[in-house]
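Okay, so here's the structure we're looking at.
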Amino acid sequence: MINRINELKKMSFGPDIIGIAPASRFDANDPIFKILPETKSVICLAYRIPRGTQRGIEEGTTYYHYSTIAVECLEETIMPMMTLRCARILEEEGYIGLPQRKTQTIMQEEDSTNPEILYNHIRRGITQEYQMNYVESAAKCGIGEIGMSGSLLTDDYGPLQRYCFVLTDAELEPTPEFKPHICDNCGECIKACPGNAIKDKKKDPWQCAAYYAGANMSKNPFMSDHALPHREDRLEILSGKKQLTAEDAKDVINNISYYPPIMHSYISSICGHACDRACYVHLEEKGVLNKKFHNKFRTREEWVLEVK
């Protein structure tokens, strides 16, 4: 059966990486055992984020490719389809296959947000004991390590992948645990964040949300010279130096929307996960990524606009 699961990589739109963790790698109180108490194995299906979807953001030209293809299409179409295929393989062998994907618009915390989703489309305060910790689960499945920004890093694609899971009561041959060796704590991810939202491997969700949506004028070619006229602290905000409260972030997001959102309430990202791009550039320059390209991703000095 493990061979059939690995064959998923050869299918159309199949995952780029498959990792399997035995249930023993998870704490007894982990949500996977509330979702499926009989869980014996956790299967992670990871998909690369094509470098091409970030070219427009890197050059400051077109921005919708990343949000529509690398975020929405993967999360809403490709990954759910492949978890179903994986579940069918397991059920054909007489085992449970339970697909798991992020519930993007539901949060347990009242005071938090998901930067990739329109904040006013998120339902808060709903018990989410049954939501997996995705990045930690992916690391336990042996496909990568967690870097300084909190992103998952893999040998092939650095931080450029998204992932989903299938829980099963089948005992499958596990992927060896990943020995961290990719992140060198260079701090490029922290320096690249246009809103200074990363601290101690965590992102301040509201700070991240405002600058993911484009609050830093120096990295937003669509920003009006007259943005946020009602804010006395506008220059501090537009330069990424202001520490925003949740209410500040909502006000900023409501007043900098120059690029329309896409289906399923996903934000059209202006920063395009600048932290991940900076990490990728650093790892590519070091030559540590297995997947090589004919040309480097960053070929010239980064552009910066005047804040005024």
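Just a few scattered comments:
- Members of the range 155-202 that are surrounded by 19 or more Cβ atoms within 10 Å (Cβ to Cβ), touching a Gly at 6+ places or on another chain (Cβ under 6 Å) and closer than 19 Å to CYS86 by Cβ: VAL166, THR168
- Meeting the requirement of 1 or more residues that are within 19 Å of the chain's Cα centre (by Cα), more than 30 Å from SER218 (Cα to Cα) and among the polar types (S, T, N, Q), the strands (runs of 3 or more DSSP E) wholly within the range 10-115 are 97-100.
- Test: residue in the range 202-209 that is within 15 Å of LEU118 (Cα to Cα), part of a loop (DSSP other than H, G, I, E, B) and out of contact with any Leu (no Cβ under 9 Å at 6 or more places or on another chain): no
To keep it simple, each residue is scored yes or no on (1) touching a Phe, Trp or Tyr at 6+ places or on another chain (Cβ under 8 Å); (2) surrounded by fewer than 11 Cβ atoms within 10 Å (Cβ to Cβ); (3) at pLDDT below 95; (4) not acidic (Asp, Glu).
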| residue | (1), (2), (3), (4) |
| --- | --- |
| HIS264 | no, no, yes, yes |
| GLY272 | yes, no, yes, yes |
| CYS275 | no, no, no, yes |
| CYS279 | no, no, no, yes |
| HIS282 | no, no, no, yes |
| VAL288 | no, no, no, yes |
| GLU301 | no, yes, yes, no |
| GLU306 | no, yes, no, no |
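- Out of GLU247, GLU306, one residue alone is over 27 Å from LEU160 (Cα atoms), outside the structural domain of ARG162 (by TED's automatic domain parsing), in a loop (DSSP other than H, G, I, E, B) and not hydroxyl-bearing (Ser, Thr, Tyr). It is GLU306.
- Flag for LEU74 being in contact with a helix residue (DSSP H, G or I) (Cβ under 9 Å, 6 or more places away or on another chain) and either within 30 Å of ASP169 (Cα to Cα) or hydrophobic (A, V, I, L, M, F, W, C) (or both): no
- Within the range 77-94, residues that are in the same structural domain as GLY19 (by TED's automatic domain parsing) sit with their Cβ atoms under 7 Å from residues that are assigned to a helix (DSSP H, G or I) and not aromatic (Phe, Trp, Tyr), at 6+ positions apart or across chains, in these pairs: MET82/LEU8; ARG85/LEU8; CYS86/ILE5; CYS86/LEU8; ILE89/ARG4; ILE89/ILE5.
- Residue in the range 274-287 that is in a helix (DSSP H, G or I), touching a Leu at 6+ places or on another chain (Cβ under 9 Å) and either of a type in the set (Phe, Trp, Tyr) or over 30 Å from ILE106 (Cβ atoms) (or both) present: yes
- Checking the stated criteria, ALA246 turns out to be farther than 18 Å from TYR157 by Cβ, at pLDDT 95 or above and aliphatic (A, V, I, L, M).
- Test: residue in the range 120-135 that is of a type in the set (Asp, Glu) and part of a loop (DSSP other than H, G, I, E, B): yes
- One residue stands out in the range 136-154 among those that are among the small types (Gly, Ala, Ser) and assigned to a loop (DSSP other than H, G, I, E, B): the one that is surrounded by the most Cβ atoms within 10 Å (Cβ to Cβ), namely GLY144.
- Residues located in the range 223-236, provided they are surrounded by 15 or more Cβ atoms within 10 Å (Cβ to Cβ) and in contact (Cβ under 8 Å) with a residue 24 or more places away in the chain: MET223, ALA227, LEU228
The values are calculated or read from the model by the stated rules, or taken from the named source; none is laboratory data. Given the structure is predicted, the values throughout are model-derived calculations rather than measurements. So basically every Cβ, Gly included, is an ideal-geometry build from the backbone, and we count neighbours across all protein chains shown.
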